[in-house]
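This report concerns only the one structure given below.
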Amino acid sequence: TSSDTIGPETFCSSSDAAMATSGRSCRKMFRALVPPLRPRQWIWERQGLVRHRHSNRQVVGEKEQNMLIHWFCTGLRRLLTENRGNTEEILRNLKDVRRNVPGMPWLRRSGAVPYICMAMQMEIVIAIESNDAHSANFFARLAYEAAIEGLVDFHSAHMITHWSKKAFTNKGWSTDALSELVAPSNCLIQNDIILGVKEKIETAIPSLLEEGYAIVPEFLGQNWSQRLQEDFRELVDDRRPDFQSGEMDVTGRSDQSLRGDRILWLDGLDESRLLASSLSQILQKTVLQTLRGELRKHNIYLSHPSMAITDTMLAVYSPKKKGFVKHLDSTDPEDLRKISAVYYLSTVNEENGGQLVLYPDTGKVIVNPLLDNLVLFWSDNMEHEVLDVSDCDEERIALSCWYLRDPENGMQDDPPEPLMDFAFQNSQH
């Protein structure tokens, strides 16, 4: 079927009475799924921050979005038919669906997340429309299992289960099965962690606004930070051949005479490294959403995570390596990076170098790289550098993330959650 003619009927089997009866509702919902692409939507590539329009093969316009929705909805429907109730097989084969998107070999795992979520949400909505509590429960739990397998992030899975619970409650259905869902013990996405992160970021906002930077000590606590340190040391050792010389943009700052780090981009969806991936997700989603909510009170607008999100950058400075010369992260007016975040995964003693040096208007600020410290600063007006690392036994390891400004300055509402809003509204009838 041409992507120009894709609609709910394409993936609603005519032989399935429950799906056929929900055709009109699906049509209404489908129209809300593909909002126009914002004029300056950005993606994060290993080569740097580039606009979609810079390369035709990277454009994800309305037609491509239609195709992706069709591909994942029909793919999931087929897997459900072939592997009835077998969660493990469904998710294993769904990874093959993700790998084999036709005509889009460049589509990255993180780029597939919204469409996998839409496919799962569609199944939940159809089940709710059909008063099929058993299937709705299965699909809501499937989203959570998909997060463990790295098909979606935990935040998206939580949104699906959260709205499902609300819809089930309105239907008079039990939510016990969903309430029992808890994150694995080797995952940071725990209620107490999320609440603690939000509180600490909110506390840091005044310093960010007044000084241009904020230091958040003991960001995750001793227990988790030590576990993260061990996990990332193993990751660095296991994937050392995959690291590249630092690259952030096309200005030439990857020149080894200017910076001495080795970097690895992480999308937060590596199921074999659930702890490390969950840290990326904390930075990508939890920190971003907290910053967005607080800064908009001060007329500073960051892009919604569904519109623009960056991979995290794992940077390693080895002993005897050069640091990073004084610079701004964002120097181009079309570079949307607004806030830089650096989370330290190791401690380097002060005498061994590796300090982050910030240059606010009030003078130089030296930040020692201490395990579990998070540093936030403005990407576009806070000059900074990393000092050389001396001959010591400790590598300087840090995970960085960037939060992008909203090019429309908050003039456009956040993208809706059409599927789950629809499910909630219809569960009340």
For this session: Kindly indicate which of Ile124, Ile116, Ile69 is assigned to a helix (DSSP H, G or I), among the aliphatic types (A, V, I, L, M) and farther than 23 Å from Glu271 by Cβ.
Result: Ile69
Problem set entry | Only listed residue being in a loop (DSSP other than H, G, I, E, B) and crowded, with 16+ Cβ neighbours inside 10 Å, chosen from Ser340, Ser330 | Ser330
Exercise. Do we find that Thr161 is assigned to a helix (DSSP H, G or I) and either modelled with pLDDT under 90 or in contact with a Leu (Cβ under 7 Å, 6 or more places away or on another chain) (or both) in this structure?
Worked result: yes
Seminar exercise, completed: Within region 177-191, the count of residues that are at pLDDT 90 or above and part of a helix (DSSP H, G or I) comes to 0
Problem set entry | The lone exception for Asn191 - which of (1) surrounded by fewer than 11 Cβ atoms within 10 Å (Cβ to Cβ); (2) over 19 Å from the mean Cα position of the chain (by Cα) it fails | (2)
Exercise. Can you tell me which residues in region 378-399 are over 21 Å from Asp311 (Cα atoms), assigned to a strand (DSSP E or B) and touching a helix residue (DSSP H, G or I) at 6+ places or on another chain (Cβ under 8 Å)?
Worked result: Val389
For this session: Select from region 372-394 the residues that are within 28 Å of the chain's Cα centre (by Cα), of a type outside the set (Phe, Trp, Tyr) and buried (at least 20 other Cβ atoms within 10 Å of the Cβ) and list them in ascending order.
Result: Asp372, Asn373, Leu374, Val375, Leu376, Ser379, Met382, His384, Val386
Exercise. Mind checking which pairs have a first residue in region 223-242 that is farther than 19 Å from Cys187 by Cβ and a second that is open to solvent by 90 Å² or more (accessible area, probe 1.4 Å), Cβ under 7 Å, 6 or more apart or different chains?
Worked result: none
Exercise. Which one of the conditions (1) without any contact (Cβ under 8 Å) to a residue 24 or more places away in the chain; (2) part of a strand (DSSP E or B); (3) not aromatic (Phe, Trp, Tyr) does Lys297 fail to meet, given that it meets all the rest?
Worked result: (2)
Problem set entry | Members of region 194-204 found to be free of Cβ contacts under 8 Å to residues at least 60 places away in the same chain, under 30 Å from Ile366 (Cβ atoms) and open to solvent by 80 Å² or more (accessible area, probe 1.4 Å), listed by number | Glu199, Thr203
Seminar exercise, completed: Out of (1) modelled with pLDDT under 90; (2) open to solvent by less than 10 Å² (accessible area, probe 1.4 Å); (3) closer than 13 Å to Asp261 by Cβ, the one Thr310 does not meet is (3)
Exercise. Which members of region 157-182 meet the condition of being open to solvent by less than 20 Å² (accessible area, probe 1.4 Å) and not aromatic (Phe, Trp, Tyr)?
Worked result: Ala157, Ile160, Thr161, Ser164, Ala167, Leu178
Seminar exercise, completed: Filtering region 205-215 down to residues that are touching a helix residue (DSSP H, G or I) at 6+ places or on another chain (Cβ under 9 Å) and open to solvent by less than 70 Å² (accessible area, probe 1.4 Å) yields Ile205, Leu208, Leu209, Tyr213, Ala214
Exercise. Out of all the residues in region 124-138, is one or more within 15 Å of Thr87 (Cα to Cα), of a type in the set (Phe, Trp, Tyr) and free of Cβ contacts under 8 Å to residues at least 40 places away in the same chain?
Worked result: no
For this session: Quickly run through region 240-264 and pick out the residues that are modelled with pLDDT of 80 or more and surrounded by 18 or more Cβ atoms within 10 Å (Cβ to Cβ).
Result: Arg262, Ile263, Leu264
For this session: Using the structure shown, decide if Lys166 is farther than 26 Å from Asp267 by Cα, modelled with pLDDT of 90 or more, basic (Lys, Arg) and over 23 Å from the mean Cα position of the chain (by Cα).
Result: no
Exercise. If you check every pair at least six apart or on different chains, which have Cβ atoms under 6 Å apart with a residue in region 97-110 that is over 14 Å from Leu76 (Cα atoms) first and a residue that is open to solvent by less than 50 Å² (accessible area, probe 1.4 Å) second?
Worked result: Leu107/Val101; Arg109/Asp267; Arg109/Leu269; Ser110/Asp267
Seminar exercise, completed: If we keep only residues of region 347-371 that are assigned to a loop (DSSP other than H, G, I, E, B) and touching a Pro at 6+ places or on another chain (Cβ under 8 Å), then the residue surrounded by the fewest Cβ atoms within 10 Å (Cβ to Cβ) is Leu370
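The values are calculated or read from the model by the stated rules, or taken from the named source; none is laboratory data. If you're wondering where the values come from, they're calculated on a predicted model, not measured in any experiment. Methodologically, a virtual Cβ is constructed for each residue, glycine included, from the backbone with ideal geometry; neighbour enumeration extends over all protein chains shown. Just so you know, the surface numbers come from the protein's heavy atoms only, side chains and all, with ligands and any DNA or RNA stripped out. Shrake-Rupley method; radii C 1.70, N 1.55, O 1.52, S 1.80 Å.
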